[in-house]
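Working notes, beginning with the structure itself.
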Amino acid sequence: MVRAYHGVHVSCRPMNDALIVSALSLVPKHAASFGMGALARLRLPGPLLRAALRFYIWKYGVNLEEAEHPLGSYTSLVDFFTRALKPGLRTVDTLADSIVSPADGKVYACGIVRDDRIPQSDTQHFSAKELLGGEEGYEGGAYAVIYLSPRDYHRVHTPAAGSVTRFQYLPGALWPVFPAATRQIPYLFSRNERLCARIATGAGELALVMVGAFGVGRIRVVFDPIVSNTSGEAVPSRVVTPPHALQRGDEFGRFEMGSTVVLLFPPGAVEWTVNAGYPVRVGERIARVLPAGPPKV
């Protein structure tokens, strides 16, 4: 059994971290993200857009060979950022007891929720209850935090077959989620913009949370027309009628510049088969459903 994770081991750079966060605190993050979003959605002339995309690909090491369409087919930076992959490029694990990765990225942390705490670095944590807008039910359950870097594919997929039964949009801050910020800003993931959905699965009610970040910060999902970071108004818990059925590995939503996915399972439901620091890809097995887990929802 993979042991509960209690912190990501990172090099200690408190002075640099503090300087970075102090500088970011002076930036009006929502206004800046609004401007960056408008620019990212702008349909630039072809040569200018291709030059900008080539710089982005070079700077972040994006693997263009995985993209479904050639570089010249994209109409904006956001269009490229939310790009589809070539069909069949990601294989979804077929074992009956598998929970699969919802995203390409890195496992920031995984383990068991203790005292309502989930680590976001070796020095900071956030509240599972606050992350979910005050709802409880996951104390003693399994959590995983998966970070998507700028180079990654930014569509999010369903970790287990089930039905989306309800969701909630919680406006918030738009702090960046790179390591310097997660080491310095308390409760970052439960303070940022986020969309929390509940999926009824064979392993109980899964909470899948998409967390926005600095630089556009928009989130879209397949089961509702909501677009986060547009009106600034919270959406109270909304029932999805009828429940939106999804198979394991189906597309769930996408980030327009961001960010992080948090998974929460009820106590006794699953056991992680990965550790903190593991790189993961969509469809890869990251946990197994425990035989004596909670009853189906």
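Any read-out appearing in this document is the output of simple, stated calculations on the displayed coordinates, not a laboratory observation. Since we're looking at a predicted model, the values are computed, not measured. Every residue, glycine as well, gets a Cβ built from its backbone with ideal geometry; the counts of neighbours run over all protein chains shown.
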GluC sites (Glu not before Pro) within region 193-279: DSSP coil, no more than 10 neighbouring Cβ in 10 Å: Glu233
Mean-position separation - Cα centroids, region 249-291 and region 220-243, in angstrom: 22 Å
Ser163/Ile57 FRET efficiency (R0 45 Å; Cβ-Cβ; nearest 0.05): 0.75
Where labels lie 7 Å past Cα in the beta-carbon direction, separation of Ile226 and Asp93 in nm: 2.9 nm
Cα-only radius of gyration and Dmax that characterise region 98-289, units Å: 14.7, 42
Distance (nanometres) between label positions extended 7 Å along Cα→Cβ at Arg114 and Ala173: 2.6 nm
Computed label-point distance, nm, for sites Leu71 and Gln247 using a 7 Å Cα→Cβ extension: 3.5 nm
Local net charge near Arg117, Cβ-Cβ under 14 Å (Lys/Arg +1, Asp/Glu -1): -4
Relative contact order for region 98-289, counting Cα pairs under 8 Å that sit 6 or more residues apart, in percent: 35 percent
